[in-house]
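Peer 1: The structure is given below, and queries will be raised subsequently.
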Amino acid sequence: MGNFEFCGLLGVRGAKAFEEDETLYTQAAAAPSQTMLLIARVIASRQAAGHPRIAVFCESTTQLRILAEFLAQAQHGQENLFLFDGSLSAAQRADMVKRFLECPKGVLLLSGAGSIGITLCPGCEVLLSVGSLPWNASTIDQAFGRIYRIGQDKPVEIIQFAARRSITFAKLGLHADKRDRLARAAA
């Protein structure tokens, strides 16, 4: 169901079809969902408010590639658009993070591979969490930790996209419940 929330074509065809037919990325980006349009508006809004570098986390690489294609096609004023996924070598990852943090305005799209082991601060104060959520909250917490950590010298904004009465919304409820139970057990 999470794929339908993000992109109708992805929901109908499935991620495997996108792997087999690369033209589906272009088709999906040409007919953006309301979710993709909202993500683009939030990116533009946060950049207009003085946050030039925005990180976008999504567990699904397919969803990130669709979003990257949409943002590139729509020419949303992005001087720099970076897709950080598991296909990059360690050197490429380090170079991409460096270029992102040095660029005057940009968007870094992070898959699960980017949620661990990198630091995006200082220089990035906004992280959007979009698309399908993992069942385990620690993956999202790791992604949030890329910008909310020692060395961050500005207030941080973390925005989680979740449609009411959706699978994503239900998962967020489970994440909150798990965090509450773990906090009580640790206390």
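Peer 1: What tally of residues in region 47-59 results from selecting those that are surrounded by fewer than 20 Cβ atoms within 10 Å (Cβ to Cβ) and either touching a residue at least 12 places away in the same chain (Cβ under 8 Å) or farther than 30 Å from GLY123 by Cα (or both)?
Peer 2: Qualifying residue count for the region: 3.
Peer 1: So, one more: Whether any residue in region 166-179 is open to solvent by less than 60 Å² (accessible area, probe 1.4 Å), modelled with pLDDT of 75 or more and either more than 19 Å from ARG53 (Cα to Cα) or in a loop (DSSP other than H, G, I, E, B) (or both) is what I want to check.
Peer 2: No, region 166-179 has no match at all.
Peer 1: So, in region 77-116, of the ones that are in a loop (DSSP other than H, G, I, E, B) and within 21 Å of GLN142 (Cα to Cα), which residue ends up modelled with the lowest pLDDT?
Peer 2: Per the criteria, the residue is ILE116.
Peer 1: Continuing with the same structure: Can you pull out the residues in region 50-72 that are part of a helix (DSSP H, G or I), under 12 Å from the mean Cα position of the chain (by Cα) and over 18 Å from THR168 (Cα atoms)?
Peer 2: Within region 50-72, ARG65, ILE66, ALA68 qualify.
Peer 1: Output the residues belonging to region 87-117 that are surrounded by 20 or more Cβ atoms within 10 Å (Cβ to Cβ), hydrophobic (A, V, I, L, M, F, W, C) and within 30 Å of ALA170 (Cβ to Cβ).
Peer 2: Residues satisfying the conditions are VAL107, LEU108, LEU109, LEU110.
Peer 1: What number of residues in region 8-31 are in a loop (DSSP other than H, G, I, E, B) and either in contact (Cβ under 8 Å) with a residue 12 or more places away in the chain or open to solvent by less than 70 Å² (accessible area, probe 1.4 Å) (or both)?
Peer 2: 3
The values are calculated or read from the model by the stated rules, or taken from the named source; none is laboratory data. Just so it is clear, the structure is predicted and the values come from calculations on it, not from any experiment. Here the Cβ is made from the backbone with ideal geometry for all residues, glycine too, and neighbour counts use every protein chain on show. Areas reflect the complete protein model, heavy atoms only, side chains present, ligands, DNA and RNA absent. Shrake-Rupley method; radii C 1.70, N 1.55, O 1.52, S 1.80 Å.
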